[in-house]
Amino acid sequence: MVKKYNYKVTEKKWQERWLKQGIYEPGLKSLSAKGRKPFYNLMMFPYPSAEGLHVGNMYAFTGSDVYGRFKRMQGYDVFEPIGLDGFGIHSENYALKVGTHPAKQTKISEKNFYRQLKEIGNGFAWKEKVETYDPEYYRWTQWIFAEMFKRGLAYRKKQAVNWCPSCKTVLADEQVISGKCERCSTEVIKKDLEQWFFRITKYADRLLKDLEKLDWSERIKIAQRNWIGKSEGAEVEFRIKNKESGIKDTGVVKVFTTRPETIFGATYLALSPEHDLVSSTKYQVSNWKEVEDYIKKAKAKSDDPPSHKATEGQGEKTGVELKGVRAINPATKKEIPIWVTDYVLAGYGTGAIMAVPAHDERDFEFATKYKLPIYDVIEPVYIQDTEPGIVKEGLPFEHRDAVIVIVKHWSEDKYIGLKWKKVAWGTFITGGIEKGQTPEEAAKTEIREETGYLNPKFVDDFGIVHGKFYHVPKKVNRFAHSHVVYLELQDGAREDISEKEREIHDVLWLTLPELEKFLTPGSHHHALRMLKKTQRAYEELGILRNSGDFDGMDSEESKWKVTEFVGGKRKIQYRLRDWLISRQRYWGPPIPMIFCEKCAENKKGEQKEMPGWYAVPEKDLPVVLPPVKDFRPRGKGQSPLASVKFFYEVKCPACKSLARRETDISDNFLDSAWYYLRYIDSKNKKELFSKKLAEKWLPINMYIGGAEHSVLHLLYVRFLAKVFYDWGLVRFDEPAKKFRAHGLLIRDGKKISKSKGNIINPDDFIKEFGADALRMHLMFLGPFEDGGDFRDSGILGLSRFLDRVFKLVASDNFRKSGNLDFERILHKTIKKVTEDIENLHYNTAISALMILLNEAEKSDGISKEQAASFLKLLAPFAPYLSEELYQQFFGSKLGVRSSKRFDSIHLSEWPKYDSNLIKENTFNLVVQVNGKTRDAFEVSTNIKEAEAKSLALNRERVQKFTEGKEIKKTIFVAGRLINLVI
RNA sequence: GCCCGGGUGGCGGAAUGGUAUACGCGCACGACUUAAAAUCGUGUGAGGCAACUCGUGUGGGUUCGAGUCCCACCCCGGGCACCA
């Protein structure tokens, strides 16, 4: 009688033995890799913002661990470190919530997190754990900050910054989600503060370009590309004139534009409220009071209670004119007004734009509201990009002057549409303009020829639209330059049209909404919008008009010529802003900087541009966070440390007079931007890490984490890696070769959150089913990169599965030699599980193991070797059970070299499959008739078409369908099917 | 609005253009049991007695053959959002 599997005893036992034997400790320092290649398998470390681990963390960690265990068994020296990122706002907020000092709370959380991380059964290298709040850790966080300052990558600037009124601190742009705080969802406001920044923008091009060489989840790369937001354009200067004096130039305003060729259409200049020119024209503008009020209001809009919604975004645009000053459009030389408006952002480009209402939606909206001129300078060009009629590559364009003719019914609100018979086209009446014809004449000719109507009356010529398309009936690429003309029929008088015309298309009367659906080419849709007068700004490329000598050129070719013409410069602009690093909170690494008033007065300092500022000398690091009873944020733009005299009073490192320490702390994301480096050398007191170890272990081989860090953590780690590379600290400039984002764990189709009350406590599940069952359940939910839907009852299936594995092996009832049929299935499973784990398809790997178990139970017994292989395949998912059974029944008996250490299954060799055993001799031939499956039967793998066909035709089920019919065609797919077409 | 993912049984989810729904959950029936639980076995897309027909968000298309490829649209999830 076999005992029932007791996971409680087993899991505890192996946890202790693994730890004691250190089986998951890599040969970190042994610089000669003893046959085992190093493999750095990293999972983003958790931030303890609660008592214990969330099941979402468990999910992510288990997924990473399965991969690590797999690699370890494949012979790699796997390093799977663990630590806690507990030095920041999230931990502090939690401490505030429960009313415990963060230093104390962190210790409580730490204990619980580590307990849970041990229970889940991951192969962590515990000896190298790090905590970001450990002074021995943040000494180096501060060291990095100091180095950044010394090397000109950290600077101070007064700026309107994102301020969270609830967290009472500033936030980096990346931490503001849709105008709300990333942590607490409070509406973020703008505040003018002096802050420390890291010059990440200096690395924008490299951060962008190097994405190409990374094997990272595509969605992460896309998110980073968008965040960095490279745009190519031009910087152009507009001269400013004081209207009263009329002559005197009062300066220039630089604008950035990606569409310099539209400059002839720039009808006003728009400045952000923070723009320098605004305040400098105080005494020149006649409506200063109004301007001042507007600026105040613009600020208050985001400064005031978070009650009224969305400070920006879709709100109606507002602005005020700077009356009395004008700008000169450098292309037209005409004077244009200057407006101040908050739809122009201060932080992007130059904080000023040239507004081209005809070709920019936002300018159009603003110009319409304030009755500013809209001046069309681009004729639209529509390039057909959907079938039918996609432009044929390589074929020259045939130019053609043409008309698009809109014809209105004599009594109804309907218009003529042509439905083409040989192509799926729906258009207005259209045709060429012959020599000497006006568009009006051409239109009338086309109406007569194509519809037979006799009495159209010309109403309007809306202008020109160009279209590039492949003319399917005529088999040529066309570049049509069409006047859109509008005519109304006076009556229904009509003559017959030729047979030829009738064969080409049908004439239909359509209402406006019907036309919307009916028309196919973009140019005809444009014509419709012209008719409906709903044409807004045309933002696409096109052909220039009203642009002096540039008329007739297309956007692409004229772009840089116009730039040159107006004396502008080509410029590349990034959306990325510098990383705001200061935080006005308590729980974090103090920024290791000192400000000396005296040195500042004498213009002395470590950096020329920043007199008075010194980095804390390396020997004085770490700057230890002082214990402060009242650690609550003050909300005055200052950290609680600003009221701790013994902390901020310090001697100037240069002149030794009384100076003041920086009292802000650094962003939590700085702690986590380099932790992977500390793991490899966590006890090093002399340096951040040893270069030699870095060469052995880095870059990271596999990094797994949540997609929510696409542009936060993952951009910062890349940034610092590049910085360290430039400093010669490391030899790589990307921290991780491979990154995979795991999916989101949800429950019963809904997000897991406290407010929804559907929190899953992993401890309960471990207690009731064991860690192995929980691990397997989590991994079985769906593809790891897609996430999964946690259903409580589902875990029973995995629990049953483990019990059955135990029964099968623990019965100790093995055959002497394995049954060949099972051996084949086993080898197929080895192949599948190996490939699935490599691709993070854990759910299908588990399913394959279930099938294997089903087969084993059905078979007449399996051999010891077969059982051992099975356990090995299971080991990454269920490390405890597989170890228990492996040790109980095989262990060193299988010839694994014995030593002081027990021969853990987790250090054993991953099974290999024999491709000969996977080959099939027969397969199930599917017989289809007209593509419908009618029969299937076993045949030899080598079967030829002729034989397959005759066999198939002899089948009764097939004959039912082929009886008396002629087989017109046979499709034979070797190893799969035969399809008889009748 | 823009950019990513997705839409397949009662549910989670499988399917190199080739037998749709593997595997698991749930459910039903049966065996064991005094009984229940556990366990084991059988069945389980819909309609139909059956032959068969219909079925992967909707509508079209390509193909001998489409969940898979193309076009248009609808819905859900996630990210970004006045970036000139």
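The values are calculated or read from the model by the stated rules, or taken from the named source; none is laboratory data. Just so we're clear, the structure is a prediction, and the values are computed from it rather than from any experiment. Every residue, glycine as well, gets a Cβ built from its backbone with ideal geometry; the counts of neighbours run over all protein chains shown.
Structure summary
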quantity: Scope the stretch A:467-503; condition of a type in the set (A, V, I, L, M, F, W, C) and modelled with pLDDT under 90; matching residues; calculated: A:469, A:472, A:476, A:497
quantity: Residue under evaluation residue A:376, criteria (1) within 19 Å of residue A:449 (Cα to Cα); (2) modelled with pLDDT of 90 or more, criterion not met; calculated: (1)
quantity: Where a residue in the stretch A:549-573 is part of a helix (DSSP H, G or I) and its partner, wherever it lies, is among the hydroxyl-bearing types (Ser, Thr, Tyr) and surrounded by 13 or more Cβ atoms within 10 Å (Cβ to Cβ), with Cβ under 7 Å and at least six apart; calculated: A:550/A:558
quantity: Selection count, the stretch A:257-274, where residues are part of a loop (DSSP other than H, G, I, E, B) and either in contact with a Phe, Trp or Tyr (Cβ under 6 Å, 6 or more places away or on another chain) or farther than 16 Å from residue A:372 by Cβ (or both); calculated: 6
quantity: Verdict on residue A:4 being charged (D, E, K, R) and surrounded by 14 or more Cβ atoms within 10 Å (Cβ to Cβ); calculated: no
quantity: Within the stretch A:411-445, considering residues that are hydrophobic (A, V, I, L, M, F, W, C) and part of a strand (DSSP E or B), the one nearest to residue A:382 (Cα to Cα); calculated: A:429
quantity: Test: residue A:506 is at pLDDT below 90, out of contact with any His (no Cβ under 6 Å at 6 or more places or on another chain) and in a strand (DSSP E or B); calculated: yes
quantity: Test: residue in the stretch A:102-115 that is touching a helix residue (DSSP H, G or I) at 6+ places or on another chain (Cβ under 6 Å), of a type in the set (Gly, Ala, Ser) and buried (at least 20 other Cβ atoms within 10 Å of the Cβ); calculated: no
quantity: Test for residue A:40: is it crowded, with 21+ Cβ neighbours inside 10 Å and modelled with pLDDT under 95; calculated: no
quantity: Test: residue in the stretch A:717-731 that is farther than 19 Å from residue A:148 by Cβ, at pLDDT 95 or above and either surrounded by fewer than 17 Cβ atoms within 10 Å (Cβ to Cβ) or out of contact with any Lys or Arg (no Cβ under 6 Å at 6 or more places or on another chain) (or both); calculated: yes
quantity: Within the stretch A:215-237, tally of residues that are surrounded by 17 or more Cβ atoms within 10 Å (Cβ to Cβ) and not in a helix (DSSP H, G or I); calculated: 7
quantity: Close pairs (6 angstrom Cβ cut-off, 6 or more residues apart or separate chains): in contact (Cβ under 8 Å) with a residue 24 or more places away in the chain in the stretch A:923-935, more than 7 Å from RNA strand B (Cβ to nearest atom) and in a loop (DSSP other than H, G, I, E, B) anywhere; calculated: A:923/A:941; A:923/A:975
quantity: From the options A:963, A:938, residue that is under 30 Å from residue A:821 (Cα atoms), within 13 Å of RNA strand B (Cβ to nearest atom) and exposed (fewer than 13 other Cβ atoms within 10 Å of the Cβ); calculated: A:938
quantity: Those residues of the stretch A:109-147 which are among the acidic types (Asp, Glu) and in contact (Cβ under 8 Å) with a residue 24 or more places away in the chain, in sequence order; calculated: A:110, A:119, A:128, A:131, A:136, A:147
quantity: Search result, residues across the stretch A:734-754 that are more than 21 Å from the chain's Cα centre (by Cα) and in a loop (DSSP other than H, G, I, E, B); calculated: A:748, A:749, A:752, A:753, A:754
quantity: Unique match (being farther than 30 Å from residue A:344 by Cα and either out of contact with any His (no Cβ under 6 Å at 6 or more places or on another chain) or among the hydroxyl-bearing types (Ser, Thr, Tyr) (or both)) among A:538, A:470, A:574; calculated: A:470
quantity: Lone qualifier among A:948, A:974, A:952 - being at pLDDT below 90 and either small (Gly, Ala, Ser) or more than 9 Å from RNA strand B (Cβ to nearest atom) (or both); calculated: A:974
quantity: Condition check for residue A:851: over 21 Å from residue A:8 (Cα atoms) and buried (at least 22 other Cβ atoms within 10 Å of the Cβ); calculated: no
quantity: Residue A:823 vs. criteria surrounded by fewer than 17 Cβ atoms within 10 Å (Cβ to Cβ), touching a helix residue (DSSP H, G or I) at 6+ places or on another chain (Cβ under 9 Å) and not hydroxyl-bearing (Ser, Thr, Tyr); calculated: no
quantity: Residue within the stretch A:402-410 that is away from RNA strand B (no atom under 14 Å from the Cβ), part of a loop (DSSP other than H, G, I, E, B) and surrounded by fewer than 17 Cβ atoms within 10 Å (Cβ to Cβ) present; calculated: yes
quantity: Any hit, the stretch A:862-872, residues being in a loop (DSSP other than H, G, I, E, B), charged (D, E, K, R) and at pLDDT below 95; calculated: no
quantity: Residue satisfying condition, being within 16 Å of RNA strand B (Cβ to nearest atom), without any contact (Cβ under 8 Å) to a residue 12 or more places away in the chain and surrounded by fewer than 19 Cβ atoms within 10 Å (Cβ to Cβ), within set A:687, A:708; calculated: A:708
quantity: The stretch A:575-586 - residue that is in contact with a Ser or Thr (Cβ under 6 Å, 6 or more places away or on another chain) and not charged (D, E, K, R) and, of those, nearest to RNA strand B (Cβ to nearest atom); calculated: A:576
quantity: Any hit, the stretch A:647-659, residues being under 42 Å from the mean Cα position of the chain (by Cα) and in a loop (DSSP other than H, G, I, E, B); calculated: no
quantity: Subset of the stretch A:351-366 (residues that are in a loop (DSSP other than H, G, I, E, B) and more than 8 Å from RNA strand B (Cβ to nearest atom)); calculated: A:356
quantity: Given (1) surrounded by fewer than 22 Cβ atoms within 10 Å (Cβ to Cβ); (2) among the hydrophobic types (A, V, I, L, M, F, W, C); (3) within 16 Å of RNA strand B (Cβ to nearest atom), index of the condition residue A:188 fails; calculated: (1)
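Let's see how each residue does on (1) more than 9 Å from RNA strand B (Cβ to nearest atom); (2) buried (at least 21 other Cβ atoms within 10 Å of the Cβ); (3) in a helix (DSSP H, G or I):
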residue	(1), (2), (3)
A:788	no, yes, no
A:818	yes, no, no
A:829	yes, yes, yes
A:834	yes, no, yes
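Here is a yes/no grid of residues against (1) closer than 15 Å to residue A:776 by Cβ; (2) hydrophobic (A, V, I, L, M, F, W, C); (3) more than 10 Å from RNA strand B (Cβ to nearest atom):
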residue: A:810; (1), (2), (3): no, yes, yes
residue: A:815; (1), (2), (3): no, no, yes
residue: A:848; (1), (2), (3): yes, yes, no
residue: A:851; (1), (2), (3): yes, yes, no
residue: A:858; (1), (2), (3): no, no, no
residue: A:864; (1), (2), (3): no, no, yes
residue: A:873; (1), (2), (3): yes, yes, yes
